[in-house]
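Read the structure below first, then the notes.
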Amino acid sequence: SALSLCQAAHWVLPHSQALARFYCSTQRGAARRLVLRMAPSVKRLLCRRCCSLLLPGVGSCQRLRGEG
């Protein structure tokens with residue numbers, strides 16, 4: 001169930017960012033209610049505050065840290 005919501009959020013993101021955020025928050029709420037652990041790869045894709053998808057170039061930006 002959670003994987004399908006994440007996939008649906010990926011598919012909907014270019015069309016409606018609000019709907020993708022709704023799918024992600026529904027996924028997080030269902031996992032919390034059912035006391036399930038989300039996979040680390042899925043957790044890394046979600047913003048902790050606003051439940052939006054963190055995809056470079058689409059919903060977020062990526063920074064590289066240099067040495068020094």
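The values are calculated or read from the model by the stated rules, or taken from the named source; none is laboratory data. For clarity, every value in this text was computed on a predicted model and none was experimentally measured. Positions of Cβ are generated from backbone atoms using ideal geometry, with glycine treated the same way; all protein chains shown enter the neighbour counts. Side chains are part of the model used for accessible areas, which takes the heavy atoms of the whole protein and leaves out ligands, DNA and RNA. Shrake-Rupley method; radii C 1.70, N 1.55, O 1.52, S 1.80 Å.
On the stretch given as the range 27-54, residues that are part of a helix (DSSP H, G or I) and open to solvent by 50 Å² or more (accessible area, probe 1.4 Å) total 5. Only one of the numbered conditions (1) at pLDDT below 90; (2) open to solvent by 40 Å² or more (accessible area, probe 1.4 Å); (3) among the hydroxyl-bearing types (Ser, Thr, Tyr) is violated by SER60, and that is (2). Within the range 1-24, no residue satisfies the criterion of being in contact with a Ser or Thr (Cβ under 9 Å, 6 or more places away or on another chain), open to solvent by less than 50 Å² (accessible area, probe 1.4 Å) and among the polar types (S, T, N, Q).
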